[in-house]
1. Tyr33 accessible area, nearest 10 Å², 1.4 Å probe?
2. 7 Å from Cα along Cα→Cβ at both Thr88 and Ser170: what's the point-to-point distance in nm?
3. How do Leu162, Leu90 rank by accessible surface area computed with a 1.4 Å probe, from largest to smallest?
4. Within segment 1-148, how many Lys pairs sit with Cα atoms under 24 Å apart, leaving out pairs fewer than 8 places apart on the same chain?
5. Between Glu25 and Val141, what is the label-to-label distance in nm when each label sits 7 Å out along the Cα-to-Cβ direction?
6. Quick check on packing: order 91-101, 8-18 by the mean number of other C-beta atoms within 10 Å, highest mean leading.
7. Considering Cα pairs under 8 angstrom that are at least six residues apart, work out the relative contact order of the chain and quote it in whole percent.
8. Distance from a point 7 Å along Cα→Cβ of Leu127 to each backbone N in segment 50-77: keep the residues under 16 Å and list them by number.
Amino acid sequence: KLLLGFGPHFTFDRRDNVNYPAHGEYITFGLKYFTPHDKKNYTFFKVEIDARNYLTLYKDFILASQLFFGYSSGDMPFYSLNQLGGQTRLRGISNKYMYIDKGAYYAQCELRKHVWNRFGITVFGGLGNTYETLSDIGDSVLKYVYGVGLRFQSDIKNNINLRVDYGRGSFGDSGIYMTMREAF
């Protein structure tokens, strides 16, 4: 099915580098309304706030943090619901459709360190949850994740890393993630 949505989306970006920021902020805020274009289509409203901060603590120790809040209401398709897990949203929950609902919130951070030549390491952690309605936000147990990662700078000119992360979750879940660029 075709989804047609419209609404404002604002972005504030003061990062020093898009691929591997060492300092700055990145904040997005979006309101979207998805309208039916025929009788069989979905109608829903979605709001998302994503705030990220990057801080160089000492030489090449970088602290990256992210806060996310998303909420939807209405009749929406499964793959448009908010989820936790996967390669970027709380690594350590390997199945990104395990925790999925109309709303989600999470906070995560990682400490990045260049080690030698083109190699770096990271340690990360986070916590969050999903919920059906705004009144359900505090009703269930928070999910937490933690892990470590190895970085290889595959593109020196553009500062792009190949990353391999291993994360574990609070309910015995774990995952290995291998992708280009940072998680956030």
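1. 90 Å²
2. According to this spin-label approximation, the distance is 2.4 nm.
3. Leu162, Leu90
4. Going through segment 1-148 pair by pair, I get 18.
5. Between Glu25 and Val141, the label points sit 3.6 nm apart.
6. 91-101, 8-18
7. So the answer I get is 16 percent.
8. Flagged as within label range: 66-68.
The values are calculated or read from the model by the stated rules, or taken from the named source; none is laboratory data. Quick caveat, the model's predicted, so the values are computed rather than measured. FYI the Cβ positions are ideal-geometry reconstructions off the backbone, even for glycines, and counts take in every protein chain you see. Heavy atoms of the whole protein, side chains included, go into the accessibility calculation; ligands, DNA and RNA do not. Shrake-Rupley method; radii C 1.70, N 1.55, O 1.52, S 1.80 Å.
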